[in-house]
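This report concerns only the one structure given below.
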Amino acid sequence: MIEYEMKFQANHDLIRQLLQNEGGKFIEIEENIDIYYRHPSRDFGQTDEALRIRQIQDKFELTYKGPKLMKSTKTRFEANVKLFDSSMDTILIHLGFSVTGKVIKTREKWLLNNVTISLDSVKGFGEYVELEIIADEFNEREVVIQRLHQIAKKINLDISKEITTSYLEMVLNQ
């Protein structure tokens, strides 16, 4: 799957009101704890990859993110595996991986015109809005990017102020 994502720093109260005005549908609020791992023989910082375990309440998911495919958005290959518990952490540590960073956030999810909109309150960093579309193919990119731009405009986000830095990069640069 290909993840197309745009991120902005924005006031959640204003965005929430605009989403409601545009007919956005509230989905849920969840607490996310993301633990990122360092590969024992490959520098993910150099290869622009990421491996994480996300905990959402009592659920766990392993995610691999490939290198960015586009500079204008955070577009990359992504694969997710649902886990039964946190045992994968132990497995990764035994295989030589180490923890490189931790991101804690509250995520309020909305849906508008088949675009997932997340209002993220990231511990230590403030309020962000992420627009996301998951697509099967990279060759759909022009249409997908156009949809993301349309939604950004509808909820008053300035495309020229898009943030391409990941939350992990923010943590590591702190």
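The values are calculated or read from the model by the stated rules, or taken from the named source; none is laboratory data. Remember, it's a predicted structure, so these values are computed and weren't measured experimentally. A quick note on method: Cβ atoms are made from the backbone with ideal geometry, for glycine too, and the neighbour counts reach across all protein chains shown.
List of remarks:
- Selected residue [surrounded by 14 or more Cβ atoms within 10 Å (Cβ to Cβ), at pLDDT 95 or above and more than 26 Å from Gly124 (Cα to Cα)] from Leu83, Leu95: Leu83
- Yes/no for Lys109 being in contact with a strand residue (DSSP E or B) (Cβ under 9 Å, 6 or more places away or on another chain), surrounded by 15 or more Cβ atoms within 10 Å (Cβ to Cβ), on the phi < 0 side of the Ramachandran plot and touching a residue at least 60 places away in the same chain (Cβ under 8 Å): yes
- Residue within the stretch 111-128 that is of a type in the set (A, V, I, L, M, F, W, C) and in contact with a Gly (Cβ under 6 Å, 6 or more places away or on another chain) present: yes
- Within the stretch 152-174, residues that are in a helix (DSSP H, G or I) reach partners that are among the acidic types (Asp, Glu) with beta carbons closer than 6 Å, at six or more positions or on different chains, in the pairs Lys154/Glu22.
- Here Arg141 meets the list (1) closer than 26 Å to Asp34 by Cα; (2) more than 12 Å from the chain's Cα centre (by Cα) almost entirely, failing just condition (1).
- Test: residue in the stretch 122-140 that is within 20 Å of Gln20 (Cβ to Cβ), β-branched (Val, Ile, Thr) and in contact with a Lys or Arg (Cβ under 8 Å, 6 or more places away or on another chain): yes
- Filter result for Val103 (modelled with pLDDT of 95 or more, more than 17 Å from Asp13 (Cα to Cα), crowded, with 18+ Cβ neighbours inside 10 Å and under 14 Å from the mean Cα position of the chain (by Cα)): yes
- Test: residue in the stretch 151-159 that is among the small types (Gly, Ala, Ser), at pLDDT 95 or above and either in contact with a Gly (Cβ under 7 Å, 6 or more places away or on another chain) or under 25 Å from Ile29 (Cα atoms) (or both): yes
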